[in-house]
Amino acid sequence: EPEVTQTPSHQVTQMGQEVILRCVPISNHLYFYWYRQILGQKVEFLVSFYNNEISEKSEIFDDQFSVERPDGSNFTLKIRSTKLEDSAMYFCASQGQGARGNQPQHFGDGTRLSIL
Amino acid sequence: DAKTTQPTSMDCAEGRAANLPCNHSTISGNEYVYWYRQIHSQGPQYIIHGLKNNETNEMASLIITEDRKSSTLILPHATLRDTAVYYCISSRFGNEKLTFGTGTRLTIIP
């Protein structure tokens, strides 16, 4: 069964450094999402992306964050200057379109980001 | 905030049916009920969704009350691998964000 894949599985970065989290969505999916989950807390929506632009973003997704689909297959989340509170699991999700409308979102297994 | 309410935790004996309830009394007419689960720290895994009719797939069954204010996810023969946090989410069937609550922590007991 097709999967959403995320790399790396674990990223350790010094505070203030830039980090790029990578996702390969399921082929032919059209809608892409990033969520994050701070340890012990809920899964939180960050941003949705469709047709090469942001559809919606949360309050968390401030100017330090950006998303890109650089080559038609990868979907990346960049954090420009990381802070300690950015430490979390980051999940990518993708969603396709079926004969009866949009399909459910499917998630990758996440990247654990640790900011030192 | 999540628009659904679920019990914090539940136990179920291995091999028995696990019935997970969810209240969504403020659900609107164009919102579906989605169920996801999260095993340990893995990504949320899609289970099933429905609008008003009961649904069944290879993983589970979803029973939605006639007034659509509540639903029950049924895992027919629970195994130890079904131990996870189960999330009930209401969302329009489109490219809308999913709003996760705290879910139900289901523990399958040998």
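Readers should treat all values here as calculations from the given coordinates under stated rules, not as data from a laboratory. Just so you know, these numbers come straight off a predicted model, no measurement behind them. A quick note on method: Cβ atoms are made from the backbone with ideal geometry, for glycine too, and the neighbour counts reach across all protein chains shown.
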Here are some residues: A:48, A:55. Which one is within 11 Å of chain B (Cβ to nearest Cβ), closer than 16 Å to residue A:97 by Cβ, touching a Ser or Thr at 6+ places or on another chain (Cβ under 7 Å) and surrounded by fewer than 17 Cβ atoms within 10 Å (Cβ to Cβ)? A:55
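Count, please, the residues in the stretch B:38-64 that happen to be acidic (Asp, Glu) and either in a loop (DSSP other than H, G, I, E, B) or exposed (fewer than 13 other Cβ atoms within 10 Å of the Cβ) (or both).
1
Name the residues in the stretch A:64-89 that are farther than 22 Å from residue B:99 by Cα and part of a loop (DSSP other than H, G, I, E, B), would you? Outline the logic, then answer.
The first filter runs over the stretch A:64-89 and keeps only residues farther than 22 Å from residue B:99 by Cα, leaving A:64, A:68-74, A:78-84.
A:64, A:69, A:70, A:71, A:72, A:73, A:74, A:80, A:81, A:82, A:83, listed by residue number.
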Single residue of the stretch B:64-110 satisfying the filter (touching a Cys at 6+ places or on another chain (Cβ under 6 Å) and more than 14 Å from chain A (Cβ to nearest Cβ)) that is farthest from residue A:104 (Cα to Cα): B:108
Count of residues meeting criterion [free of Cβ contacts under 8 Å to residues at least 12 places away in the same chain and on the phi > 0 side of the Ramachandran plot] in the stretch B:70-103: 0
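Return yes when residue A:94 is part of a strand (DSSP E or B), within 14 Å of residue A:11 (Cα to Cα), more than 10 Å from chain B (Cβ to nearest Cβ) and touching a residue at least 40 places away in the same chain (Cβ under 8 Å) and no when it is not. Reasoning before the result, please.
Details: part of a strand (DSSP E or B): yes; within 14 Å of residue A:11 (Cα to Cα): no; more than 10 Å from chain B (Cβ to nearest Cβ): yes; touching a residue at least 40 places away in the same chain (Cβ under 8 Å): yes.
In short, no.
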Flag for residue A:46 being under 24 Å from residue B:37 (Cβ atoms) and assigned to a strand (DSSP E or B): yes
Considering only residues of the stretch A:17-43 that are away from every other protein chain (no Cβ under 11 Å) and assigned to a loop (DSSP other than H, G, I, E, B), which is farthest from residue A:94 (Cα to Cα)? A:17
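Considering every residue within the stretch B:11-29, establish whether at least one is of a type in the set (Ser, Thr, Tyr), in contact with a strand residue (DSSP E or B) (Cβ under 9 Å, 6 or more places away or on another chain) and assigned to a strand (DSSP E or B). Don't jump to the end; show me each part of the working.
Just the residues of the stretch B:11-29 that are of a type in the set (Ser, Thr, Tyr), to begin with: B:25-26, B:28.
Add one more test, that the residue is in contact with a strand residue (DSSP E or B) (Cβ under 9 Å, 6 or more places away or on another chain), and what stays is B:25-26, B:28.
Remaining after also requiring assigned to a strand (DSSP E or B): none.
Looking for residues that are of a type in the set (Ser, Thr, Tyr), in contact with a strand residue (DSSP E or B) (Cβ under 9 Å, 6 or more places away or on another chain) and assigned to a strand (DSSP E or B), one finds none in the stretch B:11-29, hence no.
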Is there any pair linking a residue in the stretch A:1-28 that is closer than 19 Å to residue A:85 by Cβ to one that is of a type in the set (Gly, Ala, Ser), with Cβ under 8 Å and at least six apart or on different chains, and which? A:10/A:114; A:11/A:114; A:12/A:114; A:13/A:114; A:16/A:81; A:17/A:81; A:18/A:81
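Considering only the stretch B:20-37, state which residues are surrounded by fewer than 18 Cβ atoms within 10 Å (Cβ to Cβ) and within 17 Å of residue B:96 (Cα to Cα). I'd like the intermediate steps shown before the answer.
Kept after step one, since they are surrounded by fewer than 18 Cβ atoms within 10 Å (Cβ to Cβ), are these residues of the stretch B:20-37: B:21, B:23, B:25-26, B:28-30.
Scanning the stretch B:20-37 gives B:28, B:29, B:30.
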Assuming residue A:89 fulfils every condition listed in (1) more than 16 Å from residue A:115 (Cβ to Cβ); (2) within 11 Å of chain B (Cβ to nearest Cβ) apart from one, which condition is it? (1)
